[in-house]
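Comments concern the structure below.
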Amino acid sequence: MTREPEKSPYADSLADEILEEIRRQMPFLYRATIHTPAVPIAERLPALEQIARRLCAMNGGARDWIAPAVRSYIVLSLEFLKLQRQLEQTGRYLLSSEREAQERVYNNEDVFGGYYLYGLLLSEALWPNHFTLNSHYRDHFLPSVRSDAHILEAGVGTGYHLALLLEARPACLYEGCDLSDYAIEFARRFAVAGAQKQTRTSIHKRNVMDGLPAADGTYDNIIMGEILEHVERPDRLLDETYRVLRTGGTMYMTTVVFAANIDHIYLFEHADEIRRLVTSRRWTIEKDWVLPVYPSDSPNAAKRPMNYGSVLRKPL
Amino acid sequence: MNNTEKLYKVVADLFRVEPAELNEDSSQDTIPNWDSLGMVNLISELEQTFGVEFDLLEIADFKTVGIIKSTLADKGVEF
């Protein structure tokens, strides 16, 4: 049985152009991207449009970034599917050390300098779980951040969290760190150069696992999006962020359960493992969310891919 | 069975279409069952059947049966 090509119902904004380009390059992924009843595409389009406008500005107003960015999104999505299959067969992530991840991913021109960051950025709006966690970040974390708060972001990545932060709290004092030159340059161009006003931001090349050059209790809030699964000792990362946060301060933290990516190292097999780890390092969980990648899975399932998000507090 | 017939059989079995309905223009647009899981199974089946390995950038071009055939040919599979 065959059928006529499916036409995109979207046709007049940057977000629509992106969807149309996905449909053109990889029709099955277009269908998978838009047919997600849990978070209808119409809800995700404003976030995609916002990302696209910043990317347009970052590329001098031209639109020639759209096709390669969409290809990056396709490669990232296919990579997840392929690596997830391997994970289900072997029970292990592809890499097991931070050193391997640095060599093969963060400092690799073909990966971080190539498809990874653009693909990840589009996934922030297009992958339902990324979109939902970003909505929680905006609705449950940012409102609690003071306008002049001193903020640390451990692992800046694309700069997407920073961009949302600067829109909500443009006067905050922000320090970010990342160990990839590609990510730092990308985040500066995407989030800082695209900000509406002068900002008080600095981004440094630094591995949080080496320790942070900050006194105890320096920061009011911390952002740590999808970093825990990238390190060999997430307990140490939770301890170091705890140390530099002020008592009573909060951290927005996300990670994944049994969800493969090229640079994932530490494997959580159940959301409760994350909860136990976090509370064992003295944090309290204010709110958390467990989002199965496949809607038919229960959030309580073991060894199924899920995204995890939380607001953690350093208790008084 | 020649390699073209093997390729069409893999695609037909995975996506539940008749081999006779397939040609090099058959694509994700025209095969309704070509979804995410099907794509992963397709890669795995092709790698096993033809003894090759694909990289991600090659897979990212797998939009039609003809493109898959041409990628296999580039890897030394004779058609």
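FYI, it's all coordinate maths here, none of it is from the lab. Bear in mind the structure is a predicted one, so any value in this text is a computation, not a measurement. When we count neighbours, we look across all protein chains shown, and the Cβ atoms used for this are built from the backbone with ideal geometry, even at glycine.
Quick look at the values:
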item: Angstrom value of the Kirkwood radius, inverse mean 1/r, which spans all Cα pairs in the stretch B:3-74; result: 12.0 Å
item: For A:112-122, mean number of other protein chain Cβ atoms within 10 Å; result: 0
item: The stretch A:76-104 and the stretch B:1-51: distance between their alpha carbon centers, rounded to Å; result: 26 Å
item: Cα gyration tensor shape for the protein assembly as shown, rounded if a/c is under 1.5, else prolate or oblate; result: prolate
item: Test item: A:76-86 mean partner chain Cβ contacts at 10 Å; result: 4
item: Chain B, helix-only ellipticity at 222 nm - DSSP H runs n ≥ 4, -39,500 (n - 2.57), divided by all residues, nearest 500; result: -16000 deg cm²/dmol
item: In sequence order, calculated HN-Hα J values of the stretch A:290-303 (Karplus, 6.51, -1.76, 1.60; Hz; x Gly/Pro); result: 10, 10, x, 5, 9, x, 6, 7, 7, x, 8, 5, 9, 6
item: Nonlocal amide H pairs with A:Asn108, under 5 Å, H built at 1.01 Å; result: A:Gly113
item: Order of B:Phe50, A:Phe28 - criterion: other Cβ atoms within 10 Å of each residue's Cβ, fewest first; result: B:Phe50, A:Phe28
item: Centre separation in Å (Cα based) which lies between the stretch A:138-171 and the stretch A:20-58; result: 24 Å
item: Per-residue mean of C-beta atoms belonging to partner chains within 10 Å, peptide B:25-37; result: 5
item: Note, ³J(HN,Hα) from phi for the stretch A:169-184, Karplus 6.51, -1.76, 1.60, rounded to Hz, x at Gly and Pro; result: 9, x, 8, 5, 9, 10, 10, x, 9, 7, 9, 10, 4, 5, 5, 4
item: Residue-averaged 222 nm ellipticity for chain A, from DSSP H runs of 4+ at -39500 (n - 2.57), nearest 500; result: -12000 deg cm²/dmol
item: Note, ³J(HN,Hα) from phi for the stretch B:51-58, Karplus 6.51, -1.76, 1.60, rounded to Hz, x at Gly and Pro; result: x, 10, 9, 9, 9, 4, 5, 5
item: Local net charge near A:Tyr73, Cβ-Cβ under 11 Å (Lys/Arg +1, Asp/Glu -1); result: -2
item: Ordering of B:40-48, A:270-278 by burial proxy (mean other Cβ atoms within 10 Å per residue, highest first); result: A:270-278, B:40-48
